[in-house]
Amino acid sequence: MIEVRELRKTYRVRRRRAGLGAALSSLVHPEWSVVEALAGVSFSVAPGEIVGYIGPNGAGKSTTIKVMSGILVPDSGSCVIKGRVPWKERKAHVAGIGAVFGQRTQLWWDVPVSESFELLRAIYRVEPAAFRKRHDELVEALGAGELLGSPARSLSLGQRMRCELVASLLHGPDLLFLDEPTIGLDAVSKLAVRDFIARENRERGLTVILTTHDVHDIEALATRVILIGRGSILFDGGFAELLAPRRDKGVERALAELYGELGIA
Amino acid sequence: MSASASASVAAARPSFLAPYLGLFRTRLVRGLAYRAAAAAGVATQFFWGFIMISVFQAFARAGLSPLDPREIASYVWLQQAFLVLVVVWFRDAELIRLITTGDAAYELVRPVDLYAQWYARLLGGRLAGAALRSLPILLVAGLFPEPWRFRLPPDLAQAGLAFLALALAAALTVSVSLFAYILALVTLQPYAAFILLAPLAEFCSGLLVPLPFLPDALRRVLELLPFRAMLDLPARLWSGSLTASDSLRPFALGLAWLLVLVPLGRAALSAALRARDVPGG
């Protein structure tokens, strides 16, 4: 389903030093530094997998997700998803994937959620009957029925995330990118999100790539983890296997120690 | 499901225009909710309308005006009524937020053309603003005593042409204003982008001073630019200071500019997006 080979991406970041003198000199001589976000990343994902994509902040997780979801063009390397290169055939590619970015919203801020869904139906050009069926299933599975009349801005984070998940799957994609879907959620919402993802995977064979800092998300959902640090893949395999020597310390501490040992903390 | 039933479901797949119509309609419906802003706008526009009419009619009384006083009144009221269709500075705050936060890139996860998507939402927002503001202004201004009164065009054909010109003006204004959003995407300074573009467009379209008041040499240059069809053309057709036959050339020119500016803006937007990778994680 996904084939990623030697993906590289560097960002040019404007460097700014403190102080008035530095501010003035940067007007004339802007300083740039280069940040290597992806330093040759390769992996592949088979249909029906749930892959936890983990690593410390700034490791390159979101950059990889952005490349795979067609919104960022890498410097070099290849990425083929369902036979397409995301940034070359963006529209055809994104029509067949779903994406949730936990810290952004794909719902229209000042529009009732039901209208956002209806607009997504128009955007993905879904037939009304198929849409209705999928919509009702998703809304029921996530208990989002009573939220439909509220605009996204008045929803709590947990309520919003349920609606985001409905929104990401309305057009029936078989591949879902979740970038920190449980960030800031309370225990009840977290469990609801996890249960829902597990069910979609089990019953519909949904392939899921999940980035998260919550080790319990990974434990509950992913049979396989890919660990990225400083733009390189450091581990690809079972989560239990990754933490095996440190298991008695609890997953959170075990992972923190591992980051420390790998020098990527 | 029978074969005929599944065929009819397949036929029901929304057309390729559906995404843009949907975005247009959503902005239009949302825009109609901003009634307080529209009421404030109407009050300001009456105030400005009176000042502008006073100033230019003073020129007319001194025998220095290329437009007659009644043409001036109709020109100004039409301009004030449809101001949000034709001024660059009427901005979509939500779109500006998307641009400055970097969320604009995330719009690319939708299977739509980004330029067309933004075009549709901006046009919808402007039409909503104009729908709320234009009627009260035109109805009240139509009751003013001469020479302040807003008058109908000389005949029906001219009225129809003026409406066509207004549609062209709105289409052009959106395409011009999109350059300000694109510039904002590059510089991350939306205020600066609009400050650069908005006054230029206002002057060149005849919003500050109707173009016939300007020196001939300058006027002839401005008449070649895209801004002319953003206000001068519809307002002068409506007020009767431009005849139907004299409007053909500006119509053709305005249309030609639209056909240039839209693909140019589309190319500029994709270049700007590529230049502005959104860093993160």
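Quick note: the coordinates plus some simple rules give every number you see, no bench work behind them. Just so we're clear, the structure is a prediction, and the values are computed from it rather than from any experiment. Neighbour counts are summed over all protein chains in view; Cβ atoms, including those assigned to glycine, are modelled from backbone coordinates with ideal geometry.
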**OP:** Subtract the Cα-Cα distance of B:GLU146 and B:ALA131 from 0.36 nm times their separation in residues, and report this length gain in nm to one decimal.
**Re:** 2.8 nm
Subject >> Using alpha-carbon coordinates, inclination of helix A:113-124 to the longest axis of chain A, degrees >> reply: 80
Subject >> For A:HIS216, A:HIS135, order by how many other beta-carbon atoms lie within 10 Å, fewest first >> reply: A:HIS216, A:HIS135
Original post:
How high is the relative contact order of chain B, given as a whole-number percent (alpha carbon pairs under 8 Å, six or more residues apart)?
Top reply: 24
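Determine the equivalent ellipsoid of chain A by diagonalising the alpha-carbon gyration tensor, then write out the semi-axes as square roots of 5 times the eigenvalues, largest first, rounded to whole Å. Working shown, then result.
Values: eigenvalues 196, 120, 81 Å².
Gyration-tensor ellipsoid for chain A: 31, 24, 20 Å.
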Subject >> Mean ellipticity per residue at 222 nm, deg cm²/dmol - from DSSP H runs of n ≥ 4 across the protein assembly as shown, formula -39500 (n - 2.57) >> reply: -17500 deg cm²/dmol
**OP:** Output the direction-averaged projected area (hull surface divided by four) of the convex hull of the alpha-carbon atoms of region B:129-252, in nm².
**Re:** 8.9
Original post:
Between A:ILE218, A:ILE65, A:ILE123, which gets the highest mean-square fluctuation from a Gaussian network model of chain A, Cα cutoff 10 Å?
Top reply: A:ILE123
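Calculate the FRET efficiency for A:ARG199 and A:GLU257 from the Cβ-Cβ distance with a Förster distance of 30 Å, rounded to the nearest 0.05. Present the calculation step by step, with values, prior to reporting the outcome.
On the way: r = 33 Å, r/R0 = 1.10.
For A:ARG199 and A:GLU257, the calculated efficiency is 0.35.
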Original post:
Give me the Kirkwood hydrodynamic radius of the protein assembly as shown in Å, from all C-alpha pairs, to one decimal place?
Top reply: 26.5
**OP:** Compute the distribution of all C-alpha to C-alpha distances in region B:74-137, in bins of 10 Å from 0, and list the percent of pairs in each, rounded to whole numbers.
**Re:** 19, 42, 25, 12, 2
Original post:
Just for the protein assembly as shown, what percent of DSSP beta bridges are antiparallel, to the closest 5?
Top reply: 55
**OP:** For A:LYS66, list the lysines whose Cα falls under 21 Å from its own Cα; do not include residues on the same chain fewer than 8 positions away.
**Re:** A:LYS9, A:LYS82, A:LYS88, A:LYS91
**OP:** Springs between alpha-carbon atoms under 10 Å, Gaussian network over chain B: tell me which of B:SER177, B:SER54, B:SER15 tops the mean-square fluctuations.
**Re:** B:SER15
Subject >> Net charge over other residues, Cβ less than 11 angstrom from the Cβ of B:ARG133 (K, R count +1; D, E count -1) >> reply: +2
Subject >> Amide H contacts of A:ALA37 (H built 1.01 Å from N, under 5 Å, at least 5 apart or other chain) >> reply: A:LYS9, A:THR10, A:TYR11
Original post:
Where does region A:5-85 land on Rg(C-alpha)/(2.2 N^0.38 Å)?
Top reply: 1.47
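What value in Å³ per residue do you get for the convex hull of the alpha-carbon atoms in region A:89-227?
On the way: hull volume 15.6 nm³, N = 139.
Value for region A:89-227: 112 Å³ per residue.
Which value, in Å to one decimal place, does the Kirkwood hydrodynamic radius take for region B:42-177 when every pair of different Cα atoms is included?
On the way: mean 1/r = 0.0593 Å⁻¹.
After inverting the pairwise mean of 1/r, the radius is 16.9 Å.
Within a Cβ distance under 9 Å of A:GLY231, other residues only, what is the Lys/Arg minus Asp/Glu net charge?
Numbers: positive: A:ARG8, A:LYS9, A:ARG230; negative: A:GLU36.
That works out to +2.
Mean 1/r over all different Cα pairs, inverted: what Kirkwood radius does region A:163-225 give, in Å? Each step should come with its number before you reach the end.
Numbers: mean 1/r = 0.0835 Å⁻¹.
About 12.0 Å for region A:163-225.
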Original post:
Ordered by residue, what ³J(HN,Hα) values in Hz, to whole numbers, does region A:9-23 give under the Karplus form 6.51 cos²θ - 1.76 cosθ + 1.60, where θ = phi - 60° and Gly and Pro are x?
Top reply: 8, 10, 10, 9, 10, 5, 9, 10, 9, 6, x, 5, x, 5, 4
Original post:
If one takes the longest principal axis of the Cα atoms in chain A, at what angle in degrees, from 0 to 90 and to the nearest 10, does the Cα axis of helix A:187-204 lie?
Top reply: 70
Original post:
Where does chain B land on Rg/Rh, using Cα atoms and the Kirkwood Rh?
Top reply: 1.03
Original post:
Assuming R0 = 22 Å, what is the FRET efficiency of B:ALA275 and A:LEU27, from their Cβ-Cβ distance, to the nearest 0.05?
Top reply: 0.65
Original post:
What shape does region A:195-265 have by the C-alpha gyration tensor, where a ≥ b ≥ c are the square roots of the eigenvalues, rounded means a/c under 1.5, and otherwise prolate means a/b greater than b/c and oblate the rest?
Top reply: prolate
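Go ahead and run the numbers for FRET between A:ALA46 and A:ARG246, Cβ-Cβ distance against an R0 of 22 Å, rounding to 0.05. The partial results should precede the final answer.
Details: r = 28 Å, r/R0 = 1.28.
According to the calculation, E is roughly 0.20.
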Original post:
Does anyone have the angle between helix A:251-262 and the longest principal axis of chain A? Alpha-carbon axes, 0 to 90°, nearest 10?
Top reply: 30
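Could you work out Rg/(2.2 N^0.38 Å) for region A:115-167, with Rg from alpha carbons only? List each step's numbers first, then the result.
Numbers: Rg = 10.9 Å, N = 53, 2.2 N^0.38 = 9.9 Å.
The reported ratio for this selection is 1.09.
Take every Cα pair under 8 Å in chain A that's 6+ residues apart, average their separations, divide by the length, and report that relative contact order as a whole percent.
Values: 462 pairs, mean separation 65.1, N = 265.
Normalised by residue count, the contact order of chain A is 25 percent.
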